[in-house]
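Below you'll find the structure, written out as structure tokens, and then a few comments.
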Amino acid sequence: MLVLFETPAGFALFKVLDEGKLSKVEDLWKEFSSSDSARKVVKLKAFDKFDNTADALEAATKIIDGSTTKGLRKFLKAHCEGENLAVADSKLGNSIKEKLKIDCVHNNAVMELMRGVRSQLTELIAGLANQDLAPMSLGLSHSLSRYKLKFSADKVDTMIIQAIGLLDDLDKELNTYAMRVKEWYGWHFPELAKIVQDTIVYSKVVKFMGFRENATKLDFSEVYILILTEEVEAEVKEAANISMGTEVSEHDLANVRQLCDQVLSLSEYRAQLYDYLKSRMNTVAPNLTALVGELVGARLIAHGGSLMNLAKQPGSTVQILGAEKALFRALKTKHATPKYGLIYHASLVGQAAPKMKGKISRSLAAKASLAIRCDALGDGQDNSMGLENRLKVHFKASSIRVASF
């Protein structure tokens with residue numbers, strides 16, 4: 001009997017010298033306690049060395065899938081005629097038997113034999129030292145990991161999870177900074193916050209205007225970064241003349257302007273990050289994006305842990321994802337369970353009447369569950385399924401609205 005053993009350097013074929021020892025599986029490890037005793041059990045018959053890392057990677061991926069490479073088939077044909085072959089994987093053994101008509105063996109004794117050979121590998125194969133084997137193993141493992149990621153580089157949802165998390169953090173920081181600008185500059189010009197309510201435009205006005213006394217001298221319409229109508233501009237100038245705010249120094253105003261710069265830069269970066277998230281969602285989960293939108297879809301993926309984990313969940317779980325606390329509180333107190341979670345923020349649910357939000361969210365969650373599975377497991381890259389299901393849910397919502405009247 002021969003033993004097929006895979007190493008990072010190549011394939012090795014060992015001849016079993018005493019097959020009777022395989023019957024005592026419990027004591028087989030003792031035969032490999034030293035290199036001398038191991039040589040009495042197995043002996044190297046042939047070794048097929050890999051030419052480069054690409055060959056090693058191809059062989060490793062094929063064996064993981066339970067198939068053989070062309071080089072391995074040629075190697076086995078040359079050395080295994082009329083012999084039984086011990087293999088570490090039954091799936092690989094079936095493939096070899098089907099293609100090469102070589103009888104393969106896979107049992108507990110073979111696994112113990114493989115374990116013993118692995119422990120004395122450098123002693124059984126001449127010219128293969130530990131210092132050479134370790135870097136080969138490390139390099140092959142890195143190449144194999146990169147290969148596993150490469151096949152679905154566009155489908156990596158980790159970037160979406162990180163991007164939506166950062167987007168939520170940016171929203172919190174942006175709101176905090178914008179409120180601080182209004183509170184800080186409000187001591188000097190408190191009336192401006194009621195006139196210009198948009199936080200980004202407010203920061204632009206403060207940065208451009210500076211002291212409130214400058215409002216009457218400036219023409220806001222000439223500045224491309226500001227969006228103020230003539231009525232609002234006139235109201236700002238009028239309020240600046242009768243403002244009840246206190247006086248501030250140049251140093252105070254410089255710090256307020258620096259804070260305005262932070263608000264504007266964060267706002268610009270948030271816009272860039274949103275475009276990036278939108279692009280990634282259209283690539284990774286186009287059907288889910290078409291159905292519920294990129295923000296809700298990204299939050300569902302982040303809450304589920306990954307797109308694949310989310311694909312394993314039924315529609316009823318997708319419906320209440322994000323409302324776990326309310327669900328368990330309702331179960332504990334024996335009250336009505338929540339009808340929606342993160343999916344509530346989808347536009348289809350938001351447009352529905354208050355009494356119909358539960359029905360629409362249930363229908364949308366069922367369609368979203370199908371869209372998630374299509375994105376995670378399907379080969380297509382289009383969003384036709386998501387658009388089709390969105391129309392169905394929209395038609396159902398319209399039907400319910402008409403029936404209620």
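The values are calculated or read from the model by the stated rules, or taken from the named source; none is laboratory data. Not measured: the values here are computed from a predicted model. For neighbour counting, all protein chains shown are included, and Cβ atoms are generated from backbone atoms with ideal geometry for every residue, glycine included. Calculation scope for accessible area: heavy atoms of the full protein, side chains included, ligands and nucleic acids excluded. Shrake-Rupley method; radii C 1.70, N 1.55, O 1.52, S 1.80 Å.
Laid out as a table, the results:
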| item | result |
| --- | --- |
| Conditions (1) open to solvent by less than 40 Å² (accessible area, probe 1.4 Å); (2) of a type outside the set (Phe, Trp, Tyr); (3) touching a residue at least 24 places away in the same chain (Cβ under 8 Å): number failed by ALA353 | (1) |
| Matching residues, segment 50-94, being small (Gly, Ala, Ser), closer than 25 Å to ASP132 by Cβ and under 30 Å from the mean Cα position of the chain (by Cα) | ALA54, ALA56, ALA59, ALA60 |
| Test: residue in segment 262-282 that is in contact with a Gly (Cβ under 8 Å, 6 or more places away or on another chain) and within 30 Å of GLU324 (Cα to Cα) | yes |
| Which listed residue, of ALA56, ALA86, is closer than 19 Å to ARG118 by Cβ and at pLDDT 85 or above | ALA86 |
| Residue match in segment 343-354 (condition: of a type outside the set (Gly, Ala, Ser), touching a helix residue (DSSP H, G or I) at 6+ places or on another chain (Cβ under 6 Å), over 14 Å from VAL296 (Cα atoms) and in a helix (DSSP H, G or I)) | no |
| Residue check, GLY139 open to solvent by less than 40 Å² (accessible area, probe 1.4 Å), touching a helix residue (DSSP H, G or I) at 6+ places or on another chain (Cβ under 8 Å), closer than 23 Å to THR61 by Cβ and in contact (Cβ under 8 Å) with a residue 60 or more places away in the chain | yes |
| Verdict on GLN351 being under 26 Å from the mean Cα position of the chain (by Cα) and either closer than 16 Å to ARG390 by Cα or at pLDDT below 90 (or both) | no |
| Residue in segment 127-140 that is modelled with pLDDT under 70 and charged (D, E, K, R) present | no |
| Residue in segment 313-335 that is touching a residue at least 60 places away in the same chain (Cβ under 8 Å) and hydrophobic (A, V, I, L, M, F, W, C) present | no |
| Filtered residue count, segment 18-47, keeping only those that are open to solvent by less than 70 Å² (accessible area, probe 1.4 Å), in a helix (DSSP H, G or I) and touching a helix residue (DSSP H, G or I) at 6+ places or on another chain (Cβ under 8 Å) | 8 |
| Top-ranked residue of segment 202-217 - restricted to ones that are of a type in the set (Val, Ile, Thr) and within 16 Å of ALA234 (Cβ to Cβ), ranked as surrounded by the fewest Cβ atoms within 10 Å (Cβ to Cβ) | THR216 |
| Subset of segment 67-84 [open to solvent by 50 Å² or more (accessible area, probe 1.4 Å) and outside any loop (DSSP other than H, G, I, E, B)] | LYS70, ARG73, LYS74, LYS77, ALA78, HIS79 |
| Within segment 374-398, tally of residues that are under 18 Å from the mean Cα position of the chain (by Cα) and crowded, with 18+ Cβ neighbours inside 10 Å | 3 |
| Segment 195-220 residues that are in contact (Cβ under 8 Å) with a residue 40 or more places away in the chain and more than 22 Å from MET244 (Cβ to Cβ), paired with ones that are of a type in the set (Asp, Glu) and open to solvent by 20 Å² or more (accessible area, probe 1.4 Å) (beta carbon under 8 Å, 6 or more apart) | LYS207/ASP261 |
